[in-house]
Amino acid sequence: MPADLYSRYMEARRTWADHADDCGACTPTQPACPPGTPLWERICRLQDAYLTHLRKKGAS
């Protein structure tokens, strides 16, 4: 599961970075167009999940 979570997080980051690079409205840290918003939300959700996993792993 953690490796899969990390893979999904990194893929979402690449997808977002590619979009932000090509979009005239979005910035690397902020969505500004309708297609960019769900990409940004996905990376945020996966980042939160991955960081939560790391915190729990460190607490064990």
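Laboratory data are not the source of any read-out in this text; all were calculated from the coordinates shown. As the structure is a computational prediction, the values presented were derived from the model and not from experiment. We place every Cβ from the backbone using ideal geometry, glycine too, and count neighbours over all the protein chains shown.
Observations
- Extreme residue, positive dipole direction of the chain, given options ALA59, THR29, TRP16 (C-beta unit charges): ALA59
- Rounded to the nearest 500, the helix-only mean residue ellipticity at 222 nm of the chain stands at -26000 deg cm²/dmol, with each DSSP H run of n ≥ 4 adding -39,500 (n - 2.57).
- Put a plus charge on the Cβ of each Lys and Arg, a minus charge on the Cβ of each Asp and Glu, and nothing anywhere else: the dipole of the chain about its Cα centre is then about 400 debye.
- Average Cα contact separation per residue, the chain, under 8 Å, 6 or more apart, as relative contact order %: 37 percent
- Label-point separation in nm, THR52 to ASP4, each point 7 Å along Cα→Cβ: 1.6 nm
- Angle between the chain longest axis and helix 36-59 axis [Cα atoms, degrees, rounded to 10]: 20 degrees
- Correct choice for Rg/Rh (Cα atoms, Kirkwood Rh) that was computed from the model, options (1) 1.13; (2) 1.17; (3) 1.08: (3)
- Tilt relative to the chain, helix 2-22 - C-alpha long axis, 0 to 90 degrees, to 10: 10 degrees
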